[in-house]
Amino acid sequence: MQGPSQAMSTGDDDFQRIVATGAPAVNANTGKECHLDAHLVEHAIEHLPLDEVDILFIENVGNMVCPTDFALGAEKRIVVVSTTEGDDVANKHPMMFRESTMAVINKVDLAEYVGCDVARLESDIHRYNPEMPVFLTNMKTGDGMEALLDEILR
(Lines give C-alpha, C1' and ligand atoms only; values in the text may rest on other atoms or scores of the structure.)
Protein backbone atom coordinates (compact mmCIF):
# COMPACT_ATOMS: atom_id res chain seq x y z
CA MET A 1 0.00 0.00 0.00
CA GLN A 2 1.59 3.21 -1.05
CA GLY A 3 0.95 6.38 0.92
CA PRO A 4 0.49 9.82 -0.61
CA SER A 5 4.05 10.34 -1.78
CA GLN A 6 5.12 6.73 -1.93
CA ALA A 7 5.49 6.36 -5.67
CA MET A 8 8.36 4.11 -6.67
CA SER A 9 11.66 5.89 -6.14
CA THR A 10 15.34 5.28 -5.64
CA GLY A 11 16.07 3.44 -2.41
CA ASP A 12 12.68 1.83 -1.92
CA ASP A 13 13.71 -1.69 -2.92
CA ASP A 14 12.66 -3.32 0.38
CA PHE A 15 9.34 -1.49 0.29
CA GLN A 16 8.68 -2.72 -3.25
CA ARG A 17 9.50 -6.32 -2.23
CA ILE A 18 7.03 -6.14 0.67
CA VAL A 19 4.29 -4.59 -1.47
CA ALA A 20 4.81 -7.33 -4.06
CA THR A 21 3.86 -9.95 -1.45
CA GLY A 22 0.48 -8.30 -0.95
CA ALA A 23 1.26 -7.17 2.60
CA PRO A 24 0.11 -3.66 3.48
CA ALA A 25 3.12 -1.36 3.76
CA VAL A 26 4.02 2.30 3.86
CA ASN A 27 7.38 3.70 2.88
CA ALA A 28 8.09 6.46 5.39
CA ASN A 29 10.83 8.52 3.81
CA THR A 30 13.14 10.15 6.35
CA GLY A 31 14.53 12.59 3.82
CA LYS A 32 17.95 13.71 5.04
CA GLU A 33 17.41 12.39 8.58
CA CYS A 34 19.28 9.33 9.82
CA HIS A 35 16.34 7.75 11.65
CA LEU A 36 12.59 7.45 11.92
CA ASP A 37 10.86 9.27 14.74
CA ALA A 38 7.50 8.70 16.42
CA HIS A 39 5.88 11.59 14.54
CA LEU A 40 6.84 10.14 11.15
CA VAL A 41 5.65 6.67 12.19
CA GLU A 42 2.35 8.11 13.46
CA HIS A 43 1.63 9.66 10.07
CA ALA A 44 2.73 6.55 8.17
CA ILE A 45 0.36 4.23 10.04
CA GLU A 46 -2.55 6.48 9.12
CA HIS A 47 -2.22 4.89 5.65
CA LEU A 48 -2.48 1.30 6.88
CA PRO A 49 -5.63 -0.81 7.29
CA LEU A 50 -4.97 -1.29 11.02
CA ASP A 51 -8.12 -3.41 11.49
CA GLU A 52 -6.48 -5.99 9.22
CA VAL A 53 -3.00 -5.86 10.81
CA ASP A 54 -2.03 -8.34 13.53
CA ILE A 55 1.65 -7.43 13.71
CA LEU A 56 3.17 -4.14 12.66
CA PHE A 57 6.86 -4.13 11.75
CA ILE A 58 8.69 -0.83 11.68
CA GLU A 59 12.02 -1.02 9.89
CA ASN A 60 14.20 1.87 10.88
CA VAL A 61 16.97 3.30 8.72
CA GLY A 62 19.94 1.01 8.22
CA ASN A 63 22.51 2.74 10.39
CA MET A 64 22.99 1.51 13.94
CA VAL A 65 23.71 4.79 15.70
CA CYS A 66 20.84 7.27 15.36
CA PRO A 67 17.86 4.88 15.73
CA THR A 68 19.04 3.85 19.20
CA ASP A 69 18.03 7.15 20.73
CA PHE A 70 14.53 7.31 19.23
CA ALA A 71 11.93 5.00 20.73
CA LEU A 72 9.05 4.41 18.32
CA GLY A 73 6.63 2.78 20.75
CA ALA A 74 7.45 -0.76 19.67
CA GLU A 75 6.63 -3.64 21.98
CA LYS A 76 9.79 -5.43 20.87
CA ARG A 77 12.94 -3.94 19.46
CA ILE A 78 14.86 -6.31 17.22
CA VAL A 79 18.35 -5.58 15.98
CA VAL A 80 19.34 -7.49 12.84
CA VAL A 81 22.97 -7.77 11.85
CA SER A 82 24.65 -9.77 9.15
CA THR A 83 27.83 -11.80 9.38
CA THR A 84 29.02 -9.76 6.41
CA GLU A 85 29.21 -6.74 8.73
CA GLY A 86 31.95 -8.48 10.71
CA ASP A 87 32.14 -10.09 14.12
CA ASP A 88 32.98 -6.74 15.75
CA VAL A 89 29.65 -5.06 14.91
CA ALA A 90 28.32 -5.34 18.48
CA ASN A 91 31.45 -3.66 19.82
CA LYS A 92 31.07 -0.84 17.29
CA HIS A 93 27.44 -0.21 18.28
CA PRO A 94 26.96 -1.34 21.90
CA MET A 95 23.99 0.94 22.61
CA MET A 96 21.94 -0.70 19.87
CA PHE A 97 22.37 -4.03 21.61
CA ARG A 98 21.78 -2.62 25.10
CA GLU A 99 18.50 -1.05 23.97
CA SER A 100 17.10 -4.01 21.97
CA THR A 101 14.97 -6.90 23.20
CA MET A 102 16.30 -9.51 20.77
CA ALA A 103 19.05 -9.89 18.20
CA VAL A 104 19.24 -11.66 14.87
CA ILE A 105 22.54 -12.65 13.30
CA ASN A 106 21.68 -13.27 9.67
CA LYS A 107 23.62 -14.79 6.79
CA VAL A 108 25.27 -17.32 9.08
CA ASP A 109 25.96 -19.44 6.01
CA LEU A 110 28.42 -16.79 4.82
CA ALA A 111 30.32 -16.41 8.09
CA GLU A 112 33.27 -18.60 7.14
CA TYR A 113 33.62 -16.86 3.77
CA VAL A 114 33.78 -13.38 5.27
CA GLY A 115 35.87 -14.32 8.30
CA CYS A 116 33.13 -13.74 10.87
CA ASP A 117 33.36 -15.60 14.16
CA VAL A 118 29.65 -16.01 14.99
CA ALA A 119 30.42 -17.25 18.51
CA ARG A 120 32.42 -14.07 19.20
CA LEU A 121 29.61 -11.90 17.84
CA GLU A 122 27.04 -13.68 19.98
CA SER A 123 29.30 -13.44 23.04
CA ASP A 124 29.80 -9.71 22.48
CA ILE A 125 26.05 -9.20 22.16
CA HIS A 126 25.53 -10.95 25.50
CA ARG A 127 28.21 -8.79 27.09
CA TYR A 128 26.03 -5.75 26.35
CA ASN A 129 22.69 -7.45 27.02
CA PRO A 130 23.15 -10.75 28.89
CA GLU A 131 19.48 -11.82 28.83
CA MET A 132 18.74 -10.95 25.22
CA PRO A 133 17.84 -13.91 23.00
CA VAL A 134 20.01 -14.18 19.89
CA PHE A 135 18.80 -15.97 16.78
CA LEU A 136 21.10 -17.31 14.08
CA THR A 137 19.37 -17.21 10.72
CA ASN A 138 19.73 -17.65 7.02
CA MET A 139 16.77 -15.77 5.57
CA LYS A 140 17.38 -17.20 2.09
CA THR A 141 16.86 -20.80 3.26
CA GLY A 142 14.66 -20.09 6.27
CA ASP A 143 17.10 -21.68 8.73
CA GLY A 144 16.46 -20.34 12.24
CA MET A 145 13.30 -18.50 11.23
CA GLU A 146 10.84 -20.72 13.10
CA ALA A 147 12.45 -20.02 16.47
CA LEU A 148 12.70 -16.31 15.67
CA LEU A 149 9.06 -16.08 14.65
CA ASP A 150 8.00 -18.00 17.77
CA GLU A 151 9.81 -15.41 19.90
CA ILE A 152 8.32 -12.49 17.98
CA LEU A 153 4.82 -13.90 18.42
CA ARG A 154 5.20 -14.58 22.17
Problem set entry | Members of the stretch 66-83 found to be at pLDDT 75 or above and in contact with an Asp or Glu (Cβ under 8 Å, 6 or more places away or on another chain), listed by number | L72, R77
For this session: Give me the pairs, please: first residue somewhere in the stretch 17-36 and β-branched (V, I, T), second residue anywhere and at pLDDT 90 or above and in a helix (DSSP H, G or I), beta-carbon distance under 7 Å, and either six or more positions apart or on two chains.
Result: V26/A44
For this session: Identify all residues within the stretch 11-51 that are closer than 17 Å to A71 by Cβ and part of a loop (DSSP other than H, G, I, E, B); write none if there are none.
Result: A28, T30, E33, C34, H35, L36, D37
For this session: Considering each residue of the stretch 3-28, count those that are surrounded by fewer than 16 Cβ atoms within 10 Å (Cβ to Cβ) and modelled with pLDDT under 80, and give that number.
Result: 7
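The values are calculated or read from the model by the stated rules, or taken from the named source; none is laboratory data. As the structure is a computational prediction, the values presented were derived from the model and not from experiment. As a convention, Cβ positions derive from the backbone with ideal geometry for all residues, glycine included, and neighbour counts pool all protein chains shown.
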